[in-house]
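Bear in mind that the values in this text are calculations on the coordinates, not laboratory data. As the structure is a prediction and not an experimental result, all values here were calculated from the model. Using ideal geometry, Cβ is built from the backbone for each residue, glycine included, and neighbour counts are taken over all protein chains shown.
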Amino acid sequence: MKAACACLATALLCSGVEAFVAPAGSRALAIKSSPASSLAQAGARSVASRQQSCAAGSALRMSSTSQVDSAQPTLEEWISFAEPKLQKTMIAMFAACKEIAYKIRTASCDKMACFNEFGDEQLAIDVLANNVIFENLKASGACATASSEETPVEDPMGGSGYSVAFDPLDGSSIIDTNFAVGTIFGVWPGDRLVGITGRQLSAAGMAVYGPRTTMTVAIEGAEYAHEFLLVDDFSGRHGQWVKTNTFSTIEDGKLFAPGNLRGTQDNPGYNQLFNYYLDNKYQLRYTGGMVPDVNQLMVKGKGIFVNPASPSASAKLRVLYEVAPIGYLIEKAGGKSSDGEKSVLDIPISTTEVRSQVAYGAVGEVDRFEELVGTKMYTPLK
Ligand code: FBP
């Protein structure tokens, strides 16, 4: 037991107090960046509380070696095949999502704002996430233009090589209920984010802020989609992104995630599709967060996510920030995407506001969506 506590304290010190202590020990610090002295105090407080819990034989008995297999490559090792500026852009997105993960976990949030333990109001978490991503992209020097669902304009970043469109925090309606949420991004070559399509993507990614923090990416020059885990186990690999999974197939299977369900009231095709799932005893797995709801299709290797439009509930998902990047991931992972008649990667992105209905999943399941829902109640973008 004494050995375990000693190694924990060492892990604390080795992995750089600030990064480690802040999320676990002191919410206020992570967000409010209080003066150094209180950092030391917080650090000390955190060590003390962990020793107590260690002493109490709690689940915190840590081994000095990481739970993650040391043979698994880190992000930096895995991505070294890619074009250097694309590497920089992707590493900037991973760094931003790591920071967002800590901030989400350490802030008590309601819909409009976040509060630290001193009750000081902070930026709403999606605005905070938005700023963190812009800062990291600017610092990369490889990003010419960036745009986000929070700030839907083409914003010059002062770098060159790639442009990034992102939804800083998807699932705004479920963040206060502490459900898993995520960040979605797409990387295009050059400096424009309109007058393009998803077919021109160089890479895309989706961070899932759930019990674990994972990031799934797909990138030109590599087949399939690839999952990374943010190591958070006080080991020597603490704070690193380590490769944990490769997603290459999404097969037919009875798992469905039905978005915009109110659309079944005035979209007969959607009503028919929904009843097909019920009649055939499909498993309902829907949280209201597109990121975890789509991520499960790759992890389970089966099923379908739909968000059809209807006359009373028009399409709400934005092609630039959400639909095209996720379409790129799903198609690289061996699945199919559709707007009712074609791949979402072929939807022209004429403005940052373009929206579309979507289906993602196994080829057979998406074909059924096109057959029953299709474009009967929706005019796809040409
Ligand atoms: P935000 O971009 O505003 O978060 O909206 C997107 C979203 O929350 C998706 O994550 C989710 O799949 C969908 O809206 C939920 O739609 P609905 O409530 O109609 O099922």
Give me the distance in nm between label points sitting 7 Å out from Cα along the Cα-to-Cβ direction at VAL299 and ASP233, one decimal.
1.6 nm
Can you give the Kirkwood hydrodynamic radius of segment 242-356 from its Cα pairs, in Å with one decimal?
14.9 Å
Which peptide among 286-297, 316-327, 76-87 comes first, and what is the full order, when sorted by highest mean count of other Cβ atoms within 10 Å?
316-327, 286-297, 76-87
Using modelled amide H (1.01 Å from N, peptide plane; none on Pro or chain starts), what sits under 5 Å from the amide H of ARG355, excluding residues fewer than 5 places away?
VAL319
Between THR246 and LYS316, what length in nm is gained on full extension when 0.36 nm per residue of separation is reduced by their alpha carbon distance?
22.2 nm
Given an 8 Å cut-off on Cα distances and at least 6 residues of separation, report the relative contact order of segment 75-247 as a percent.
16 percent
Flagged as over-length at 21 Å C-alpha distance, from LYS98/LYS243; LYS302/LYS332; LYS138/LYS243; LYS254/LYS316, the pairs are LYS138/LYS243; LYS254/LYS316
May I ask you to sort MET93, MET298 by Cβ crowding, counting other Cβ atoms within 10 Å and putting the fewest first?
MET93, MET298
Nonlocal amide H pairs with ALA124, under 5 Å, H built at 1.01 Å:
CYS114
Restricting attention to the alpha-carbon atoms of segment 124-163, what are Rg (one decimal) and Dmax (integer), both in Å?
9.9, 31
What residues of segment 346-382 lie in the reach of a label at TYR276, counting those whose backbone N is under 14 Å from a point 7 Å from the Cα along Cα→Cβ?
359-376
Vicinal HN-Hα couplings computed from phi for segment 263-269 (Karplus, 6.51 cos²θ - 1.76 cosθ + 1.60; Hz; Gly/Pro x)
x, 5, 6, 10, 10, x, x
Where Lys and Arg each count +1 and Asp and Glu each count -1, what net charge lies around ARG355 among other residues with Cβ under 13 Å from its Cβ?
-3
Just rank SER172, SER235, fewest to most, by other beta-carbon atoms within 10 angstrom.
SER172, SER235
Could you tell me which of rounded, prolate or oblate describes segment 273-323, using a ≥ b ≥ c as the square roots of the eigenvalues of the alpha-carbon gyration tensor, with rounded for a/c under 1.5 and, failing that, prolate when a/b is larger than b/c and oblate otherwise?
oblate
Between rounded, prolate and oblate, where does segment 75-247 land on the alpha carbon gyration tensor, with a ≥ b ≥ c its root eigenvalues, rounded for a/c under 1.5, else prolate if a/b exceeds b/c?
oblate
With every atom except the alpha carbons ignored, what do you get for Rg and Dmax of segment 163-233, in angstroms?
14.0, 44
If the reach is capped at under 16 angstrom between alpha carbons, list the aspartates and glutamates near LYS382, excluding any in the same chain fewer than eight residues apart.
ASP339, GLU341, ASP346, GLU353
